[in-house]
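Have a look at the structure below before the remarks.
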Amino acid sequence: MWSDVRTMNTITRLLLGVLVLVLAQSAYRWFAQQSMFDLRRIHVQGMNGKPLRYVDAATVRSGALPRIRGNFFTVDLNAARTAFETVPWVKQASVRREWPNRLVVLVDEYVALGTWGGQEGRLISVDGLLFTANLDEAEEEGVLPVLEGPDGSAHEVAERFADLRQWLAPLDLTPRELRLSSRYAWTAKLENGIELNLGRTHARDEMKARVDRLASVYPQLASALPGRIATLDLRYPNGLALRPRAQPLPAPVPANTPANAPASAT
């Protein structure tokens, strides 16, 4: 073999190739470990150019940076994304490198629909996702509606709450609470204090039919009993049941009034 020139040349080229790869890898490791590539800047902005309302860039940096390991070359972008998504109000994050020592983080914030289940700081988003955030921040523009349901029902509860808002709007009624029991019975409370017993149903169309029956008679009921309707039971197929109050309720405070706003004099 040693006298075979072609074989010797082939072996020589292979050894040289291995040597070049080893040297290149060593050079890359040395180059990548230089301090100029340490992550020094993290730029945080809203996805699709949206301004950030609740997520503070400094909070994102301080909350996520201690969990991020590596430099420009070695940082695990998936792990970095996961770290940023643990920051309150961050629904989704996208992370990319920017030469030579910078990360750019695009943040999609949660939009709060209401509180969930009576748990401190537990909120539900408009798309039915549960998250934890500061309630005072969430209620800067007014007290949030109260939503509740069994495990795994958040998305459906959010959808039905949006439906109720739409269906009741022509009657100038606004839902403030919506609860789904473990037996799948729906109960809503309106801004004017009326409680709606919507019954047990899995079907959106069935719930809408019950609200439509309410819409057909509510103006007459409200006119006959101003401020005195306590409960409207909509479970009946051809009508509803009404329970009146002994005394009428005072006019409700508008839902968009901040909790700490002073009452106006009358």
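The values are calculated or read from the model by the stated rules, or taken from the named source; none is laboratory data. Just so it is clear, the model here is predicted, and its values are computed rather than measured. Neighbour counts run over all protein chains shown; Cβ positions are idealised from the backbone, glycine included.
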Every residue from region 215-230 that is surrounded by fewer than 17 Cβ atoms within 10 Å (Cβ to Cβ), of a type outside the set (A, V, I, L, M) and not in a loop (DSSP other than H, G, I, E, B): Ser216, Pro219, Gln220, Ser223
Some residue of region 192-214 being assigned to a loop (DSSP other than H, G, I, E, B), among the hydroxyl-bearing types (Ser, Thr, Tyr) and within 30 Å of Arg122 (Cβ to Cβ): yes
If the requirement is being in contact (Cβ under 8 Å) with a residue 24 or more places away in the chain and surrounded by 14 or more Cβ atoms within 10 Å (Cβ to Cβ), which of these qualifies: Leu135, Leu180? Leu180
Checking the structure you have, find out if any residue of region 96-114 is under 16 Å from the mean Cα position of the chain (by Cα), more than 21 Å from Arg81 (Cα to Cα) and among the hydroxyl-bearing types (Ser, Thr, Tyr). no
Among residues of region 92-113 being in contact (Cβ under 8 Å) with a residue 60 or more places away in the chain and in a strand (DSSP E or B), the residue farthest from Glu177 (Cα to Cα) is Arg102
Residues that are in the same structural domain as Ala215 (by TED's automatic domain parsing), among the polar types (S, T, N, Q) and under 16 Å from the mean Cα position of the chain (by Cα): does region 153-172 have at least one? yes
When you scan region 118-125, do you find a residue that is out of contact with any Asp or Glu (no Cβ under 9 Å at 6 or more places or on another chain), surrounded by fewer than 16 Cβ atoms within 10 Å (Cβ to Cβ) and not in a loop (DSSP other than H, G, I, E, B), even just one? yes
Among the residues of region 190-233, which ones are farther than 16 Å from Arg245 by Cβ and of a type in the set (Lys, Arg)? Arg200, Arg204, Lys208, Arg210, Arg213
Going by what's in this entry, would Leu77 be described as surrounded by 15 or more Cβ atoms within 10 Å (Cβ to Cβ) and at pLDDT 90 or above? no
Quick one: count up the residues across region 37-69 that are surrounded by fewer than 17 Cβ atoms within 10 Å (Cβ to Cβ) and either touching a residue at least 60 places away in the same chain (Cβ under 8 Å) or outside the structural domain of Val90 (by TED's automatic domain parsing) (or both). 7
